[in-house]
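**Student:** Just dropping this structure here.
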Amino acid sequence: MVGFSLKSSAIELQKNSDYIRKDKIDFDLVEAICTTIIPGIFEHAEKVSSQVYQHYKSNYFTEWKLFFIQLQSAFMEEYQVSFQESSQSQKTYFLSGIDADAFNKLYEGNPISEFFVTYVAIKGLCVDLYFTSEYVVNNLLVYNRVPGKYIGKTPYVENMKLYYEDPFASRSMIFAGHLYE
Amino acid sequence: MSEFDVIVVGSGISGGWAAKELTERGLKVALIERGRNIEHGKDYITEWSNPWDMHNNGIGKSKDFDKKFGLISKMYPTINQYNEHFFCNFETDPYLTECEDPFIWARGYQLGGRSLVWGRQCIRFSDSNFDANKKDGFGIDWPIRYKDISPWYDKVEKFIGVSGSNEGLEYWPDGHYQPPFEMNSIEKHFKEVIEREYKGRIVTIGRTANLTVKKKGRSTCNSRSHCSRGCSFGAYFSSISSTLPAARKTGNLETICDAVAEKLIVDSKSGQVKSLQYIDAKSGERKEVKAKKFFLCASAFNSVKILLNSKSELNPNGLGNSSGNLGRYIMDHIEGAYTIASFSIFKEEIDQGKRPCPIIITPFANTTESKEFYRSYYYQCGADRIAWAALGAKPGIGRNYSVAGVEAGPWIFRMKAVGECLPRKENRVTLDENSFDRFGTPQLKIEFSYSNNDLKLMEDAQKEAVNMIFAAGGRVIKSSVKNGNPGSAIHEMGGARMGNDPSESVVNMWNQLHDAKNVYVTDGACMASSACQNPSLTYMALTARACKHAADTMLD
């Protein structure tokens, strides 16, 4: 899939959608999206699904709801099967197209639609929640709670384990207004 | 009614110093704090929290964050799940703001105030800062010069512990520093190139109140960079870890928490203040406490609020307002010119630990280089190699994509500029007599906008930032002029400006109200200009200086 396009308006899709319940999110769909972005995410970050749901519910209800409806509808049009019931390769192919479109637009500095904004937000959430999960922090990274001293220069070799980065550490926070916009 | 030698209102950066200095001079002091009590260590409730202990692993806002913090929620993620309990709740303590961009007034209502969460940069004002108003005509002349405050900077730096490096610059005066934190290779490279290519531009390490040599009862910084959660090591300076323990040790301090200072009560015969009326925040009861002298250190706007609210027959427009300037000439710093760049050198190196301070490019605008605007700005910068924290902003999905999150990315260099705001009469705080807070006192109304000059500083800073990145061989990822909301530097100051002439200013050169000499205002309210330096060190030095004056005149 080279590009992602929506053939029907969101409101129309919402009216006709049998794939999404109007009042709540479908956890299977959320999980399928998250595991396609980061395979194995639920083995280590079991809270992701409910956390995406919480964000959906508390912060972005309208936009996120439409995102799931639009994604599911577009997927059905292409594959005649729901996203969560499709094969892994179909899911990966489809989401890769959305991902490429979103980031091409971002890199070109073009305005992006709410659909892509929501996708990037969900993807960012998956990354953040995965890399702050207990398993990943303790096993794939080095979690040193009290470094003791700042050392400006140490050797870096490929595949060495990195220290866990606290996104709220003061030095990063200096630039927070910019980074988190 | 209890009677003390001195009442100090507020226990933050300035109030802590007032309590320490006055009690160590043998005076009996009551410290009035509107917020709750905080115990060093015990009440740093998130200090040891793991990400997975937090709501959504600490990512994003806490539940009801926007509702709770209202206008102040714009300060996310500076205010985040790990430190939000040290910031004031907008719902319970609202204020009014009449600005195109709302003024963010982030307050810390607890013992220690915002000293628990401050940025810790300690930079002296210079003679060029104290001269600035006189020279270009904005604001009024400071009645003091560098020589008047220099010994007090010495005293404060030695006590609180500041790490940094002396550079021999008139406009960025040297001090008493513990050994500096280390720069990493990119930062050293940047320093070398900028100082070579731009004569007069100096790149140095931040002067930060984080210990690199231990002090009694406080250990050295462990480079966790979790300062705003509270530090049970006492490795950064706060009232809680440093000045208040020193004050308590004298046996001369009584601390009264949950006590909201409402007004100063003037003796109608002498015109001097005889007592403070405060509200017990738990019971709502109004109480009065007497003293010979009073130090207002409640943070700039709250100190002004107390004075505005201290109306009497003698002072119908508020105490200290005979000039009509009480509440006027408020300032903040303007922050912007955010620039992010990558460097593709030093791939075989990485840093370890989290240094709690930035590197600095000292002010060059109108110091070593002439510009077509007034005053100056400086930069805070820093470099590190980030991995997963940048992954969400990169294209790709799947296993290979997630594996990239555990590999070090390129060196990322970040810059932001901090600029001086001109003192202007139209920027002011007043009391709104139609809106009241939960204690029945009028709400504070803030009117503030940046001047064209303030904005020009950031435009220039953004342009120069990009040029310097190119000169150092970096690739600019993003750079924008965009400024933060007014107040977002959390350096609000002014409102009771210092000056020699009582018809123009509110406090004199000793921080005493012209209109009532037994009242000292020593927090940010007294500032006649903002410079671009972080102001807390100056508040502490002015407070210590005023304390000596108060003690000496009391003994007389």
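The values are calculated or read from the model by the stated rules, or taken from the named source; none is laboratory data. It should be emphasised that the depicted structure is a prediction, and the values quoted were computed from it without experimental measurement. Every residue, glycine as well, gets a Cβ built from its backbone with ideal geometry; the counts of neighbours run over all protein chains shown.
**Student:** Name the residues in the stretch B:1-53 that are among the hydroxyl-bearing types (Ser, Thr, Tyr) and surrounded by 24 or more Cβ atoms within 10 Å (Cβ to Cβ), would you? Even if it seems obvious, please write down each step before you answer.
**Tutor:** Residues of the stretch B:1-53 among the hydroxyl-bearing types (Ser, Thr, Tyr): B:2, B:11, B:14, B:23, B:44, B:46, B:49.
If the condition is that a residue be among the hydroxyl-bearing types (Ser, Thr, Tyr) and surrounded by 24 or more Cβ atoms within 10 Å (Cβ to Cβ), then B:Ser11, B:Ser14, B:Thr23 are the ones that fit.
**Student:** Next up: Check off (1) surrounded by fewer than 20 Cβ atoms within 10 Å (Cβ to Cβ); (2) at pLDDT 95 or above for B:Leu422 and give me the number that stays unchecked.
**Tutor:** Here B:Leu422 meets the rest and fails (1).
**Student:** I'm checking my understanding of the structure. Among residues of the stretch B:192-212 that are in a loop (DSSP other than H, G, I, E, B) and not aliphatic (A, V, I, L, M), which one is surrounded by the fewest Cβ atoms within 10 Å (Cβ to Cβ)?
**Tutor:** Checked the stretch B:192-212; the qualifying residue surrounded by the fewest Cβ atoms within 10 Å (Cβ to Cβ) is B:Lys199.
**Student:** Would you mind finding the one in B:Lys371, B:Lys293, B:Lys282, B:Lys287 that is more than 14 Å from chain A (Cβ to nearest Cβ), surrounded by fewer than 24 Cβ atoms within 10 Å (Cβ to Cβ), under 28 Å from B:Arg124 (Cβ atoms) and modelled with pLDDT of 95 or more?
**Tutor:** Criteria check complete, one pass: B:Lys371.
**Student:** Just for the stretch A:103-128: of the residues that are more than 8 Å from chain B (Cβ to nearest Cβ) and in contact with a Lys or Arg (Cβ under 9 Å, 6 or more places away or on another chain), which one is nearest to B:Gly396 (Cα to Cα)?
**Tutor:** Here the residue is A:Phe116.
**Student:** Filter the stretch B:351-364 down to the residues that are surrounded by fewer than 23 Cβ atoms within 10 Å (Cβ to Cβ) and at pLDDT 95 or above and list them by number.
**Tutor:** B:Thr362, B:Phe364
**Student:** May I pose another question? If you scan the stretch A:129-154, which residues turn out to be facing another protein chain (nearest Cβ under 7 Å), assigned to a loop (DSSP other than H, G, I, E, B) and either at positive phi or polar (S, T, N, Q) (or both)?
**Tutor:** Within the stretch A:129-154, A:Thr132, A:Ser133, A:Gly148 meet the criteria.
**Student:** Are any residues in the stretch A:37-77 at the interface with another protein chain (Cβ under 10 Å from one of its Cβ atoms), in contact with a Lys or Arg (Cβ under 9 Å, 6 or more places away or on another chain) and at pLDDT below 75, and if so, which ones?
**Tutor:** A:Gln54, A:Ser58, A:Asn59
**Student:** Working only within the stretch B:131-148, note down all residues that are crowded, with 17+ Cβ neighbours inside 10 Å and either in contact with a Leu (Cβ under 7 Å, 6 or more places away or on another chain) or assigned to a loop (DSSP other than H, G, I, E, B) (or both).
**Tutor:** Within the stretch B:131-148, B:Phe138, B:Gly139, B:Ile140, B:Asp141, B:Trp142, B:Pro143, B:Ile144 meet the criteria.
**Student:** I'd like the full set of residues that are in contact with a strand residue (DSSP E or B) (Cβ under 8 Å, 6 or more places away or on another chain) and either outside the structural domain of B:Trp48 (by TED's automatic domain parsing) or not hydrophobic (A, V, I, L, M, F, W, C) (or both), limited to the stretch B:238-247.
**Tutor:** Keep residues of the stretch B:238-247 that are in contact with a strand residue (DSSP E or B) (Cβ under 8 Å, 6 or more places away or on another chain), which gives B:241-242, B:244, B:247.
B:Ser241, B:Ser242, listed by residue number.
**Student:** Test B:Leu264 against the criterion of being modelled with pLDDT of 95 or more and in contact with a strand residue (DSSP E or B) (Cβ under 8 Å, 6 or more places away or on another chain), and give yes or no.
**Tutor:** Numbers: modelled with pLDDT of 95 or more: yes; in contact with a strand residue (DSSP E or B) (Cβ under 8 Å, 6 or more places away or on another chain): yes.
So B:Leu264 passes the test.
**Student:** Scan the stretch A:73-98 for residues that are surrounded by fewer than 21 Cβ atoms within 10 Å (Cβ to Cβ) and of a type in the set (S, T, N, Q) and jot them down.
**Tutor:** Once the filter is applied, which keeps residues that are surrounded by fewer than 21 Cβ atoms within 10 Å (Cβ to Cβ) and of a type in the set (S, T, N, Q), the stretch A:73-98 yields A:Gln80, A:Ser82, A:Gln84, A:Ser86, A:Ser87, A:Gln88, A:Ser89, A:Gln90, A:Thr92, A:Ser96.
**Student:** Does B:Asp154 count as in contact with a His (Cβ under 8 Å, 6 or more places away or on another chain), closer than 30 Å to B:Pro245 by Cβ and either in a loop (DSSP other than H, G, I, E, B) or without any contact (Cβ under 8 Å) to a residue 60 or more places away in the chain (or both)?
**Tutor:** For B:Asp154, the condition - in contact with a His (Cβ under 8 Å, 6 or more places away or on another chain), closer than 30 Å to B:Pro245 by Cβ and either in a loop (DSSP other than H, G, I, E, B) or without any contact (Cβ under 8 Å) to a residue 60 or more places away in the chain (or both) - is met.
**Student:** Moving on. Looking only at residues in the stretch B:58-88 that are in contact with a His (Cβ under 8 Å, 6 or more places away or on another chain) and modelled with pLDDT of 90 or more, which one is farthest from the other protein chains (Cβ to nearest Cβ)? Can you show your working first?
**Tutor:** First, pick out the residues of the stretch B:58-88 that are in contact with a His (Cβ under 8 Å, 6 or more places away or on another chain): B:60, B:62-63, B:81-82.
From what is left, the residues that are modelled with pLDDT of 90 or more are B:81-82.
Values: B:Gln81: 8, B:Tyr82: 6 Å.
Of everything passing the filter in the stretch B:58-88, B:Gln81 is farthest from the other protein chains (Cβ to nearest Cβ).
**Student:** Which residues, taken from the stretch B:213-230, are in contact with a strand residue (DSSP E or B) (Cβ under 6 Å, 6 or more places away or on another chain) and either more than 13 Å from B:Cys357 (Cβ to Cβ) or surrounded by fewer than 21 Cβ atoms within 10 Å (Cβ to Cβ) (or both)?
**Tutor:** Of everything in the stretch B:213-230, just one residue is in contact with a strand residue (DSSP E or B) (Cβ under 6 Å, 6 or more places away or on another chain) and either more than 13 Å from B:Cys357 (Cβ to Cβ) or surrounded by fewer than 21 Cβ atoms within 10 Å (Cβ to Cβ) (or both), namely B:Val213.
**Student:** OK, next. Which members of the stretch B:237-265 meet the condition of being in contact with a Leu (Cβ under 7 Å, 6 or more places away or on another chain) and either polar (S, T, N, Q) or over 30 Å from B:Asp515 (Cβ atoms) (or both)?
**Tutor:** Within the stretch B:237-265, B:Ser238, B:Ile240, B:Asn252, B:Thr255 meet the criteria.
**Student:** May I pose another question? Wholly within the stretch B:418-516, which strands (runs of 3 or more DSSP E) include no fewer than the required count, namely at least 1 residues that are among the acidic types (Asp, Glu) and free of Cβ contacts under 8 Å to residues at least 12 places away in the same chain? Give the derivation first.
**Tutor:** Working: elements: B:428-436, B:442-447, B:475-480.
In the stretch B:418-516, B:428-436 are the strands (runs of 3 or more DSSP E) which contain 1 or more residues that are among the acidic types (Asp, Glu) and free of Cβ contacts under 8 Å to residues at least 12 places away in the same chain.
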